[in-house]
Amino acid sequence: MVRDRPTYPFEPVQVSHKLDQNENPYDFPEALKAEATRRMLSRAWNRYPDLYATRLREAVARYEGWDAAGVVLTPGSNVLIKMLTELAGLGQTVLTTSPTFAVYPSEATLLEAKLVQVPLRSNFSLDVPALKAALHTETSGLLALAQPHAPTGYLDRPQDVQELVEEAEACGWVTLLDEAYHQYAGRDYRELVRGHPHALSLRTFSKAWGLAGLRLGYLLTSPQLAAQVYKVVPAFNIGVLSECALEVALEHPDYVQRRVQETVRERERVLAALAGHPTLEVFGSAGNFFMVRAADAGALHSYLLGQSIAVRPQKGVPGLEHILRVSLGSPESNDALLAALLAWR
Ligand SMILES: *Cc1c(COP(=O)(O)O)cnc(C)c1O
(Lines give C-alpha, C1' and ligand atoms only; values in the text may rest on other atoms or scores of the structure.)
Protein backbone atom coordinates (compact mmCIF):
# COMPACT_ATOMS: atom_id res chain seq x y z
CA MET A 1 0.00 0.00 0.00
CA VAL A 2 1.23 3.48 -0.86
CA ARG A 3 0.40 4.76 2.63
CA ASP A 4 2.77 2.24 4.24
CA ARG A 5 5.70 2.91 1.97
CA PRO A 6 8.79 4.82 3.05
CA THR A 7 9.65 8.00 1.15
CA TYR A 8 12.63 8.13 -1.23
CA PRO A 9 15.72 7.84 1.01
CA PHE A 10 17.50 11.06 0.15
CA GLU A 11 18.09 14.27 2.08
CA PRO A 12 19.32 17.25 0.05
CA VAL A 13 22.15 19.18 1.73
CA GLN A 14 24.00 22.39 0.89
CA VAL A 15 27.73 21.63 0.72
CA SER A 16 30.81 22.69 -1.27
CA HIS A 17 31.51 19.15 -2.51
CA LYS A 18 28.42 17.30 -3.65
CA LEU A 19 29.47 13.68 -4.03
CA ASP A 20 26.14 12.07 -3.12
CA GLN A 21 24.13 11.71 -6.36
CA ASN A 22 26.61 10.45 -8.95
CA GLU A 23 26.07 13.62 -10.96
CA ASN A 24 28.52 14.91 -13.51
CA PRO A 25 30.62 17.61 -11.83
CA TYR A 26 30.64 19.56 -15.10
CA ASP A 27 27.65 21.44 -16.42
CA PHE A 28 26.49 21.22 -20.04
CA PRO A 29 29.02 23.32 -22.05
CA GLU A 30 28.21 27.04 -22.04
CA ALA A 31 28.17 27.40 -25.85
CA LEU A 32 25.74 24.48 -26.19
CA LYS A 33 23.53 25.96 -23.46
CA ALA A 34 23.45 29.21 -25.42
CA GLU A 35 22.51 27.39 -28.64
CA ALA A 36 19.79 25.43 -26.83
CA THR A 37 18.43 28.67 -25.40
CA ARG A 38 18.31 30.27 -28.87
CA ARG A 39 16.26 27.34 -30.10
CA MET A 40 13.94 27.58 -27.12
CA LEU A 41 13.25 31.21 -27.98
CA SER A 42 12.44 30.31 -31.57
CA ARG A 43 9.98 27.55 -30.66
CA ALA A 44 6.26 27.96 -30.05
CA TRP A 45 5.53 27.28 -26.40
CA ASN A 46 1.77 27.37 -26.88
CA ARG A 47 1.78 24.20 -28.99
CA TYR A 48 1.97 20.66 -27.70
CA PRO A 49 5.23 18.84 -28.42
CA ASP A 50 5.45 15.69 -30.56
CA LEU A 51 3.10 12.98 -29.35
CA TYR A 52 5.98 10.57 -28.69
CA ALA A 53 9.05 12.75 -29.34
CA THR A 54 9.47 11.31 -32.83
CA ARG A 55 12.22 13.64 -34.02
CA LEU A 56 14.24 13.26 -30.87
CA ARG A 57 13.87 9.48 -30.95
CA GLU A 58 15.25 9.58 -34.46
CA ALA A 59 18.21 11.66 -33.26
CA VAL A 60 18.87 9.21 -30.39
CA ALA A 61 18.54 6.30 -32.83
CA ARG A 62 21.10 7.87 -35.18
CA TYR A 63 23.49 8.45 -32.28
CA GLU A 64 23.15 4.86 -31.05
CA GLY A 65 22.97 3.14 -34.44
CA TRP A 66 19.53 1.78 -33.56
CA ASP A 67 16.12 1.42 -35.21
CA ALA A 68 14.07 4.47 -34.08
CA ALA A 69 11.07 2.15 -33.62
CA GLY A 70 13.02 0.49 -30.80
CA VAL A 71 13.81 3.71 -28.91
CA VAL A 72 11.58 4.86 -26.03
CA LEU A 73 12.35 8.32 -24.66
CA THR A 74 11.01 9.55 -21.31
CA PRO A 75 11.60 12.32 -18.77
CA GLY A 76 14.34 10.51 -16.83
CA SER A 77 15.02 6.80 -16.99
CA ASN A 78 13.58 6.20 -13.53
CA VAL A 79 10.08 6.52 -14.99
CA LEU A 80 10.97 3.79 -17.47
CA ILE A 81 11.66 1.48 -14.54
CA LYS A 82 8.15 2.27 -13.28
CA MET A 83 6.66 1.59 -16.71
CA LEU A 84 8.53 -1.69 -17.13
CA THR A 85 7.39 -2.79 -13.69
CA GLU A 86 3.83 -1.90 -14.72
CA LEU A 87 4.23 -3.91 -17.90
CA ALA A 88 5.61 -6.88 -15.99
CA GLY A 89 2.10 -6.71 -14.65
CA LEU A 90 0.06 -7.74 -11.69
CA GLY A 91 0.90 -11.13 -10.32
CA GLN A 92 4.28 -11.15 -12.04
CA THR A 93 7.76 -11.03 -10.62
CA VAL A 94 10.53 -8.46 -10.49
CA LEU A 95 13.77 -10.39 -10.06
CA THR A 96 16.91 -8.49 -9.13
CA THR A 97 19.94 -8.71 -6.87
CA SER A 98 20.50 -7.70 -3.25
CA PRO A 99 21.82 -5.07 -2.91
CA THR A 100 20.42 -3.38 -6.01
CA PHE A 101 19.41 0.04 -7.37
CA ALA A 102 16.76 1.21 -4.88
CA VAL A 103 14.23 2.11 -7.57
CA TYR A 104 13.62 -1.50 -8.71
CA PRO A 105 12.38 -2.79 -5.34
CA SER A 106 10.48 0.39 -4.57
CA GLU A 107 8.54 0.25 -7.86
CA ALA A 108 7.95 -3.48 -7.51
CA THR A 109 6.49 -3.11 -4.04
CA LEU A 110 4.46 -0.05 -5.03
CA LEU A 111 2.86 -1.97 -7.90
CA GLU A 112 2.57 -5.11 -5.78
CA ALA A 113 4.62 -7.25 -8.11
CA LYS A 114 6.35 -10.17 -6.43
CA LEU A 115 9.86 -8.97 -5.57
CA VAL A 116 12.61 -11.59 -5.57
CA GLN A 117 16.16 -10.51 -4.67
CA VAL A 118 19.10 -12.85 -5.10
CA PRO A 119 22.12 -11.86 -2.97
CA LEU A 120 25.33 -10.92 -4.76
CA ARG A 121 28.42 -12.95 -3.99
CA SER A 122 30.75 -11.51 -1.35
CA ASN A 123 32.85 -9.74 -4.04
CA PHE A 124 29.57 -8.16 -5.37
CA SER A 125 29.48 -10.26 -8.55
CA LEU A 126 26.25 -11.80 -9.87
CA ASP A 127 25.37 -15.22 -8.48
CA VAL A 128 24.55 -16.67 -11.89
CA PRO A 129 23.40 -20.15 -10.79
CA ALA A 130 21.09 -18.70 -8.11
CA LEU A 131 19.61 -16.16 -10.56
CA LYS A 132 19.09 -18.89 -13.17
CA ALA A 133 17.36 -21.05 -10.59
CA ALA A 134 15.00 -18.15 -9.77
CA LEU A 135 14.26 -17.61 -13.48
CA HIS A 136 13.02 -21.21 -13.54
CA THR A 137 11.12 -21.37 -10.27
CA GLU A 138 9.45 -17.93 -10.19
CA THR A 139 6.54 -16.77 -12.33
CA SER A 140 8.11 -14.79 -15.18
CA GLY A 141 8.28 -11.00 -15.26
CA LEU A 142 11.13 -8.52 -15.28
CA LEU A 143 14.78 -9.35 -14.58
CA ALA A 144 16.47 -6.05 -13.62
CA LEU A 145 20.29 -5.87 -13.61
CA ALA A 146 22.50 -2.79 -13.62
CA GLN A 147 25.88 -2.98 -15.43
CA PRO A 148 28.05 -1.55 -13.96
CA HIS A 149 26.11 -2.59 -10.88
CA ALA A 150 24.55 0.10 -8.71
CA PRO A 151 25.43 0.91 -6.01
CA THR A 152 28.54 -1.31 -5.91
CA GLY A 153 30.17 -0.24 -9.20
CA TYR A 154 31.02 -3.88 -9.92
CA LEU A 155 31.27 -4.85 -13.58
CA ASP A 156 30.38 -8.49 -14.23
CA ARG A 157 31.87 -10.76 -16.86
CA PRO A 158 30.05 -10.33 -20.20
CA GLN A 159 29.54 -14.09 -20.51
CA ASP A 160 27.65 -14.09 -17.18
CA VAL A 161 25.34 -11.31 -18.29
CA GLN A 162 24.81 -12.97 -21.66
CA GLU A 163 24.01 -16.30 -20.00
CA LEU A 164 21.36 -14.63 -17.84
CA VAL A 165 19.80 -12.73 -20.75
CA GLU A 166 19.56 -15.97 -22.73
CA GLU A 167 18.18 -17.98 -19.84
CA ALA A 168 15.64 -15.22 -19.10
CA GLU A 169 14.48 -15.17 -22.69
CA ALA A 170 14.13 -18.96 -22.76
CA CYS A 171 11.98 -18.79 -19.60
CA GLY A 172 9.72 -15.96 -20.87
CA TRP A 173 11.23 -13.05 -18.93
CA VAL A 174 12.07 -9.56 -20.13
CA THR A 175 15.58 -8.45 -19.11
CA LEU A 176 16.27 -4.84 -18.21
CA LEU A 177 19.99 -4.04 -18.46
CA ASP A 178 20.39 -0.72 -16.71
CA GLU A 179 23.38 0.92 -18.37
CA ALA A 180 23.23 4.29 -16.62
CA TYR A 181 27.03 4.23 -16.14
CA HIS A 182 28.24 2.28 -19.18
CA GLN A 183 30.42 5.13 -20.50
CA TYR A 184 32.60 4.93 -17.37
CA ALA A 185 33.02 1.18 -17.77
CA GLY A 186 34.07 1.33 -21.41
CA ARG A 187 31.76 -1.61 -22.09
CA ASP A 188 28.10 -1.87 -22.99
CA TYR A 189 25.47 -4.40 -24.03
CA ARG A 190 24.05 -2.74 -27.12
CA GLU A 191 24.93 -5.72 -29.34
CA LEU A 192 23.63 -8.29 -26.87
CA VAL A 193 20.32 -6.42 -26.69
CA ARG A 194 20.18 -6.15 -30.48
CA GLY A 195 20.26 -9.92 -30.71
CA HIS A 196 17.61 -10.50 -28.01
CA PRO A 197 14.15 -9.03 -28.65
CA HIS A 198 13.15 -9.52 -24.98
CA ALA A 199 16.07 -7.51 -23.62
CA LEU A 200 16.25 -3.75 -23.09
CA SER A 201 19.13 -1.38 -22.47
CA LEU A 202 18.19 1.51 -20.17
CA ARG A 203 20.23 4.67 -20.70
CA THR A 204 20.18 8.16 -19.30
CA PHE A 205 21.36 11.68 -20.07
CA SER A 206 21.75 12.29 -16.32
CA LYS A 207 25.28 10.98 -15.78
CA ALA A 208 27.96 11.01 -18.51
CA TRP A 209 26.03 13.66 -20.50
CA GLY A 210 25.80 15.97 -17.48
CA LEU A 211 22.10 16.67 -18.04
CA ALA A 212 20.47 15.40 -14.85
CA GLY A 213 18.56 18.67 -14.56
CA LEU A 214 16.76 18.09 -17.85
CA ARG A 215 15.33 14.68 -16.86
CA LEU A 216 15.77 12.56 -19.99
CA GLY A 217 16.36 8.85 -20.36
CA TYR A 218 15.67 6.16 -22.91
CA LEU A 219 15.44 2.50 -23.75
CA LEU A 220 17.00 0.66 -26.65
CA THR A 221 15.03 -2.46 -27.47
CA SER A 222 13.22 -4.33 -30.22
CA PRO A 223 10.39 -2.53 -32.06
CA GLN A 224 7.98 -5.19 -30.74
CA LEU A 225 8.88 -4.58 -27.10
CA ALA A 226 9.03 -0.79 -27.62
CA ALA A 227 5.48 -0.90 -28.99
CA GLN A 228 4.35 -2.57 -25.75
CA VAL A 229 6.21 -0.03 -23.61
CA TYR A 230 4.61 2.85 -25.55
CA LYS A 231 1.20 1.64 -24.39
CA VAL A 232 2.13 2.85 -20.90
CA VAL A 233 4.15 5.96 -21.86
CA PRO A 234 2.07 9.12 -21.36
CA ALA A 235 1.58 11.11 -24.57
CA PHE A 236 3.44 14.45 -24.97
CA ASN A 237 5.86 13.54 -22.16
CA ILE A 238 8.91 15.42 -23.51
CA GLY A 239 8.40 19.20 -23.38
CA VAL A 240 9.69 21.53 -26.09
CA LEU A 241 12.41 23.03 -23.84
CA SER A 242 13.96 19.64 -23.08
CA GLU A 243 13.63 18.80 -26.76
CA CYS A 244 15.68 21.85 -27.78
CA ALA A 245 18.44 21.10 -25.26
CA LEU A 246 18.71 17.41 -26.12
CA GLU A 247 18.71 18.14 -29.84
CA VAL A 248 21.78 20.34 -29.34
CA ALA A 249 23.51 17.77 -27.09
CA LEU A 250 23.01 15.04 -29.69
CA GLU A 251 24.45 17.26 -32.42
CA HIS A 252 27.59 17.87 -30.31
CA PRO A 253 28.25 14.69 -28.34
CA ASP A 254 32.06 15.01 -28.33
CA TYR A 255 32.21 16.69 -24.94
CA VAL A 256 30.83 13.53 -23.29
CA GLN A 257 33.81 11.32 -24.04
CA ARG A 258 36.30 13.95 -22.88
CA ARG A 259 34.56 14.29 -19.54
CA VAL A 260 34.19 10.58 -19.09
CA GLN A 261 37.93 10.17 -19.63
CA GLU A 262 38.61 12.85 -17.04
CA THR A 263 36.32 11.17 -14.50
CA VAL A 264 37.90 7.77 -15.16
CA ARG A 265 41.36 9.30 -14.62
CA GLU A 266 40.13 10.87 -11.39
CA ARG A 267 38.59 7.57 -10.28
CA GLU A 268 41.89 5.77 -10.72
CA ARG A 269 43.80 8.58 -8.99
CA VAL A 270 41.46 8.60 -5.97
CA LEU A 271 41.34 4.80 -5.67
CA ALA A 272 45.14 4.56 -5.87
CA ALA A 273 45.56 7.23 -3.18
CA LEU A 274 43.18 5.39 -0.84
CA ALA A 275 44.62 1.91 -1.37
CA GLY A 276 46.23 0.70 1.82
CA HIS A 277 44.32 3.14 4.05
CA PRO A 278 44.79 1.94 7.65
CA THR A 279 41.08 1.83 8.56
CA LEU A 280 38.97 2.27 5.42
CA GLU A 281 38.17 -0.48 2.94
CA VAL A 282 37.78 0.99 -0.54
CA PHE A 283 36.17 -0.98 -3.38
CA GLY A 284 37.11 -0.74 -7.05
CA SER A 285 34.42 0.51 -9.44
CA ALA A 286 33.58 0.75 -13.11
CA GLY A 287 31.27 3.74 -12.52
CA ASN A 288 31.69 7.41 -11.62
CA PHE A 289 31.42 6.45 -7.95
CA PHE A 290 32.88 3.96 -5.49
CA MET A 291 32.13 2.47 -2.10
CA VAL A 292 34.02 2.91 1.17
CA ARG A 293 33.57 0.69 4.22
CA ALA A 294 34.33 2.19 7.63
CA ALA A 295 34.06 0.74 11.13
CA ASP A 296 31.55 3.53 11.86
CA ALA A 297 30.08 4.76 8.56
CA GLY A 298 27.72 7.13 10.39
CA ALA A 299 30.62 8.87 12.08
CA LEU A 300 32.56 9.11 8.81
CA HIS A 301 29.48 10.53 7.06
CA SER A 302 29.11 13.26 9.72
CA TYR A 303 32.85 13.99 9.67
CA LEU A 304 32.75 14.49 5.89
CA LEU A 305 29.65 16.70 6.16
CA GLY A 306 31.61 18.76 8.69
CA GLN A 307 34.15 19.38 5.91
CA SER A 308 31.35 20.31 3.50
CA ILE A 309 31.54 16.99 1.63
CA ALA A 310 28.30 15.07 1.03
CA VAL A 311 28.39 11.35 0.26
CA ARG A 312 25.61 8.76 0.27
CA PRO A 313 25.15 6.43 3.25
CA GLN A 314 23.82 2.95 2.46
CA LYS A 315 22.07 2.64 5.82
CA GLY A 316 19.68 -0.27 5.98
CA VAL A 317 20.75 -1.75 2.65
CA PRO A 318 21.33 -5.47 3.29
CA GLY A 319 24.89 -6.44 2.37
CA LEU A 320 26.11 -2.82 2.48
CA GLU A 321 26.40 -2.32 6.22
CA HIS A 322 28.99 0.31 7.22
CA ILE A 323 29.31 1.46 3.61
CA LEU A 324 29.21 4.93 2.06
CA ARG A 325 28.85 5.53 -1.67
CA VAL A 326 31.04 8.34 -2.95
CA SER A 327 30.70 10.02 -6.36
CA LEU A 328 33.78 11.24 -8.20
CA GLY A 329 33.66 15.01 -8.51
CA SER A 330 35.85 17.73 -9.98
CA PRO A 331 39.59 17.41 -9.26
CA GLU A 332 39.17 20.07 -6.51
CA SER A 333 36.35 18.15 -4.84
CA ASN A 334 38.29 14.91 -5.14
CA ASP A 335 41.30 16.60 -3.51
CA ALA A 336 39.11 17.77 -0.64
CA LEU A 337 37.71 14.25 -0.30
CA LEU A 338 41.17 12.68 -0.35
CA ALA A 339 42.54 15.10 2.23
CA ALA A 340 39.60 14.31 4.53
CA LEU A 341 39.73 10.54 4.07
CA LEU A 342 43.52 10.33 4.40
CA ALA A 343 43.27 12.17 7.73
CA TRP A 344 40.57 9.77 8.99
CA ARG A 345 41.52 6.99 11.41
C1 LIG B 1 21.28 7.54 -12.02
C2 LIG B 1 20.72 6.21 -12.39
C3 LIG B 1 19.73 6.12 -13.37
C4 LIG B 1 19.25 7.36 -14.09
O5 LIG B 1 18.10 7.88 -13.57
P6 LIG B 1 17.43 9.13 -14.32
O7 LIG B 1 16.01 9.02 -13.88
O8 LIG B 1 17.58 8.92 -15.80
O9 LIG B 1 18.13 10.35 -13.85
C10 LIG B 1 19.26 4.88 -13.72
N11 LIG B 1 19.75 3.76 -13.15
C12 LIG B 1 20.71 3.80 -12.22
C13 LIG B 1 21.24 2.54 -11.65
C14 LIG B 1 21.20 5.03 -11.80
O15 LIG B 1 22.13 5.08 -10.85
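The values are calculated or read from the model by the stated rules, or taken from the named source; none is laboratory data. Keep in mind the model is a prediction, meaning the values are calculated, not measured. Positions of Cβ are backbone-derived with ideal geometry, glycine not excepted, and every protein chain shown enters the neighbour counts. To get the accessible areas, we keep the full protein, side chains included, count just its heavy atoms, and leave off ligands, DNA and RNA. Shrake-Rupley method; radii C 1.70, N 1.55, O 1.52, S 1.80 Å.
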Listed residues Ala272, Ala34, Ala227: farthest to the positive end of the dipole of the chain (Cβ charges): Ala34
Gyration tensor (Cα) of segment 242-306, equivalent ellipsoid semi-axes in angstrom: 34, 16, 8
Descending principal axes extents, segment 147-280, alpha-carbon based, whole Å: 53, 42, 25
Cα-derived Rg over Rh, computed across the chain with Rh taken as Kirkwood radius: 0.96
HN-Hα J in Hz across segment 335-345 - Karplus 6.51, -1.76, 1.60, θ = phi - 60°, x for Gly and Pro: 5, 4, 4, 4, 4, 5, 5, 6, 8, 7, 10
P(r), alpha carbons of segment 35-74 - 5 Å bins starting at zero, rounded %: 6, 21, 22, 19, 18, 12, 2
Residues Asp4 and Arg121, FRET efficiency given R0 of 35 Å [Cβ-Cβ distance, rounded to 0.05]: 0.65
Gain in span if fully extended, Glu163 to Ala272, counting 0.36 nm per residue against the direct Cα distance: 36.0 nm
Electrostatic dipole magnitude of the chain [Cβ: Lys, Arg +1; Asp, Glu -1; Cα centre; debye, to 20]: 540
Those trypsin sites (Lys or Arg not before Pro) in segment 146-195 that DSSP places in a loop and that have at most 16 other beta carbons within 10 Å: Arg187
Reference-scaled alpha-carbon Rg (2.2 N^0.38 Å with N residues) for segment 139-212: 1.09
Per-selection metrics, segment 231-345 (Cα): Rg and Dmax in Å: 18.2, 55
Fluctuation leader among Leu110, Leu246, Leu328 - the chain, Gaussian network, Cα springs under 10 angstrom: Leu110
Rounded accessible area per residue of segment 185-328, 1.4 Å, Å²: 39
Distance-filtered residues of segment 302-318 - backbone nitrogen under 16 Å, label point 7 angstrom along Thr279 Cα→Cβ: 302-307
Qualifying chymotrypsin sites (Phe, Trp or Tyr not before Pro) for segment 232-295 [loop in DSSP, other Cβ within 10 Å: at most 14]: Phe236
Long-range lysine pairs (8 or more apart or interchain), the chain, Cα under 18 Å: 5
Anisotropy class of segment 1-129 from Cα gyration tensor, a/c 1.5 cut: prolate
